[in-house]
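Q: Got a structure for you, written out below as structure tokens; questions coming shortly.
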Amino acid sequence: MKAGTVFKYGDNVDTDVIIPARYLNAPSPAELAKHCMEDIDPAYAGKVKPGDVVVGGWNFGCGSSREHAPMAIQASGASCVIAASFARIFYRNAINIGFPILECPEAAQAIQNGDKVRVDFAAGLITDETTGAVFQATAFPEFIGRIIENGGLLPYLKARQKGKE
Amino acid sequence: MGMTMTQKILAAHAHLPVVKAGDLIEAKLDLVLGNDITAPVAVTVFDKAGFTEVFDKDKIVIVLDHYTPCKDIKSAQLCRQAREFAARFGITHLYDVGQAGIEHALLPEKGLVAPGECVIGADSHTCTYGALGAFSTGVGSTDMAAGMAAGENWFKVPAAIKVTLTGALGPYVSGKDVILHLIGEIGVDGALYKSLEFTGPGVAALSMDDRFTIANMAIEAGAKNGIFPVDEKSVEYVTGRVDRPWTAYEADPDAEYESEVVIDLSSLTPTVSLPHLPSNAKPIDEVKGMAIDQVVIGSCTNGRISDLRAAAEILKGRKVADGIRCIVIPATQEVSLQCIREGLAETFIQAGCVFSVPTCGPCLGGHMGCMAEGERCVSTTNRNFVGRMGHTQSEVILASPAVAAASAVAGVLASPLDIMKEG
């Protein structure tokens, strides 16, 4: 894949700033994308381009269970989120909708806002082309890998159901 | 090595003799919950994936509580989508305006959760039911859809932090002060991916409503779930509400815990969390006097009858200070009715509060109390993130009902002990 530009944020980026509740009454991906990150970075939605990368610190996506949060980031065009750690519901939601996330404290710390970063999802390799640094993200357990391969939890369940029939 | 209470419930629902922290399992679900924000998204993905049946129409609950009574046309469309789905599959437990209440107060009240059960809900505060000794955790809409289709879902078996409670709470100190103190101790990701297992001699002295409040905010420490042992009080609570057989699980004596936190309940004072993280916990005496504009008393955290009794005790015969807006929101219809029967509704109105219909409304900046730039609210809700209750330059201070009511009377952030001493 091509390298994307990094939008970097701090620790505890919560779901209320990823997508404020005032926009949850219109849950279409395109509508959510317009307001993504609005309360911490009003410029994000206007600047982000397909393939760009969101980087956060510890506990990214904490707060509400709203799946609208990873949906909004995915629909904004970002290819993935790299963070030191993820709040657990955000982690599940991203996997369940087939949106790639990478847990890597070293990368989350070293990568700077505006860097050009390339990600090899299969290998979990993160390359900061601006600095030349390469990072290895935590590998997904095999079971979660299967959900991601199928494009999300429901396609996975559907495929499994068909397998049984 | 033994299992924690959570691990035992998960093992039983995965039909496995033993599970250990880190195992990925598929567990049967006793209940799947969604609300007017999350259920419509779940319905969309359920339909898109081509599912045509639900696993059990009696084990799905949809509560229209967040933006209801509908605040605008868009929310009305979402409620309609949820209602139509419920009608299509004959979902037994659809709670609409008139029967609804805030989901996490409503489900226990209706007997929809029993000890030992395994529950997922597309709302982060689904962890509330751990107060009853159930495993319950918040998930997203796709998980809800998967649960509705399959009646099971995948879980990573959590490690646990043991929270040992000793002593008993003093006057005007409540479950809210316990959980704010705990989150202040361990941080907003202090229990990330883990269970918070509450135990110790102090549990017996906590009311069920205090336990609901504590379990409710386990997510605010990042926890997968919070859970309490089943004792006489929990049995008394479910008696008359739950009419199916249930199982009380206990942690093994040799269960493994990653760490232990000990809290002497008698040492706690009223505690608040300053903006913008629930972990910014401070004893009230260090921060009282801060200027405020609004007070909210209610929510899935603190909208139960004992919460409203605690607030009413302070507001009785007193007035909300000039310039302060005090919004009181009973969590359910039953709580509302009880407030009327006990005269609490009159107390609130006489004091100058507005007494609302049940709704999540202001907690998430939805409606019924959004804040303008520069305003500050003392709120009995659960989150004080940037922009949570309105403008990004507004602020939320998390507090107990007693602190919120005392602050409404004082017109600034105040301690209930000071207000009650003044008489």
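Q: DSSP H helices in chain B with Cα extent of 20 Å or more along the helix axis and mean Kyte-Doolittle hydropathy at least -0.5?
A: Correct list, ordered by number: B:73-89.
Q: Here's something else I'd like to know. Distance from a point 7 Å along Cα→Cβ of residue B:418 to each backbone N in region B:159-184: keep the residues under 19 Å and list them by number.
A: Backbone N within reach: B:171-174, B:177.
Q: Over the Cα atoms, compute the radius of gyration (one decimal) and Dmax (the largest Cα-Cα distance, rounded to a whole number) for region A:1-155, in Å.
A: When restricted to Cα atoms, region A:1-155 yields Rg and Dmax of 14.2, 43 Å.
Q: Working with all protein chains in place, sort B:1, B:368, B:389 by solvent-accessible area computed with a 1.4 Å probe, largest first.
A: Accessible-area ranking of B:1, B:368, B:389, largest first: B:1, B:368, B:389.
Q: Using the structure shown, list the pairs from A:162/B:48; A:162/B:59; A:2/A:47; B:59/B:176 with a Cα-Cα distance above 20 Å, or answer none.
A: A:162/B:59; B:59/B:176
Q: Go ahead and estimate [θ] at 222 nm for chain A from helices alone: -39,500 (n - 2.57) per DSSP H run with n ≥ 4, summed, over the residue count, rounded to 500.
A: Here the helix-only value at 222 nm equals -9000 deg cm²/dmol.
Q: Something else now. Which lysines, if any, have their Cα less than 16 Å from the Cα of residue B:194, not counting same-chain residues under 8 positions apart?
A: B:8, B:20, B:156, B:162, B:224
Q: If you place +1 on the Cβ of every Lys and Arg, -1 on the Cβ of every Asp and Glu, and leave all else neutral, what size is the dipole of chain B about its Cα centre, to the nearest 20 Debye?
A: In debye, rounded to 20, chain B gives about 760.
Q: Once every DSSP H run of n ≥ 4 in chain B is given -39500 (n - 2.57) and the sum is divided by its residues, what mean residue ellipticity at 222 nm do you get, rounded to the nearest 500 deg cm²/dmol?
A: -9000 deg cm²/dmol
Q: When the accessible area of chain B is split by element with a 1.4 Å probe, what percent falls to carbon and sulfur?
A: That fraction is 51 percent.
Q: So what is the relative contact order for chain B, in percent, with contacts set as C-alpha pairs under 8 Å and at least six apart?
A: Across chain B, relative contact order equals 17 percent.
Q: Can you send over the solvent-accessible area of residue B:24, 1.4 Å probe, protein chains only, in Å² to the nearest 10?
A: About 60 Å², ignoring ligands and nucleic acids.
Q: Dipole of region A:2-161, Cα-centred, from +1 at each Lys and Arg C-beta and -1 at each Asp and Glu C-beta, to the nearest 20 debye?
A: 480 debye
Q: Right, another one. Rg (Å, one decimal) plus Dmax (Å, integer) for the alpha carbons of chain B?
A: Answer for chain B, Rg first and Dmax second: 20.5, 64 Å.
Q: Relative to the compact-globule scaling 2.2 N^0.38 Å, provide the ratio for the alpha-carbon radius of gyration of the protein assembly as shown.
A: For the protein assembly as shown, the normalised Cα radius of gyration comes out at 0.92.
Q: So how much accessible area does residue B:386 have, in Å² to the nearest 10, using a 1.4 Å probe?
A: 40 Å²
Q: Enter the Cα centre distance for the pair region B:385-417 and region B:122-169, rounded to the nearest angstrom.
A: When both Cα centres are located, 28 Å separates them.
Q: I'd like the antiparallel share, as a percent to the nearest 5, of DSSP beta bridges with both residues in chain B.
A: 20 percent
Q: Roughly how crowded by other chains is peptide B:121-129, in terms of the mean Cβ count from those chains within 10 Å of each of its Cβ atoms?
A: Mean partner shielding for this stretch: 3.
Q: Answer rounded, prolate or oblate for region B:43-189, using the Cα gyration tensor with square roots of eigenvalues a ≥ b ≥ c: rounded when a/c is under 1.5, else prolate when a/b is larger than b/c, else oblate.
A: prolate
Q: In addition: In nm, to one decimal, how far is the residue B:391 label point from the residue A:129 one, both placed 7 Å along Cα→Cβ?
A: About 4.3 nm separates the two model spin labels.
Q: For region A:13-92, what is the convex hull (Cα atoms) projected area averaged across all directions, in square nanometres?
A: Computing the convex hull of the Cα atoms and averaging its projections yields 4.4 nm².
Q: Just checking the output field for A:82-93: average partner chain Cβ neighbours within 10 Å of each residue's Cβ?
A: Neighbouring Cβ atoms belonging to other protein chains average 5 per residue here.
Q: Let me ask another. To the nearest 10 Å², what's residue B:152's accessible area with a 1.4 Å probe?
A: For residue B:152, the solvent-accessible surface is approximately 40 Å².
Q: Something else: Of all GluC sites (Glu not before Pro) in region B:257-294, which ones are in loop regions per DSSP and have a Cβ with at most 14 other Cβ atoms within 10 Å?
A: Here the sparse-neighbourhood loop sites are B:258.
Q: Take the alpha-carbon centre of region B:244-260, take the same for region B:11-59, and report the distance between them in whole Å.
A: If we compute the Cα centre of each part, the gap is 23 Å.
The values are calculated or read from the model by the stated rules, or taken from the named source; none is laboratory data. Given the structure is predicted, the values throughout are model-derived calculations rather than measurements. Positions of Cβ are generated from backbone atoms using ideal geometry, with glycine treated the same way; all protein chains shown enter the neighbour counts. These accessible areas exclude ligands, DNA and RNA; they are computed on the full protein's heavy atoms, side chains included. Shrake-Rupley method; radii C 1.70, N 1.55, O 1.52, S 1.80 Å.
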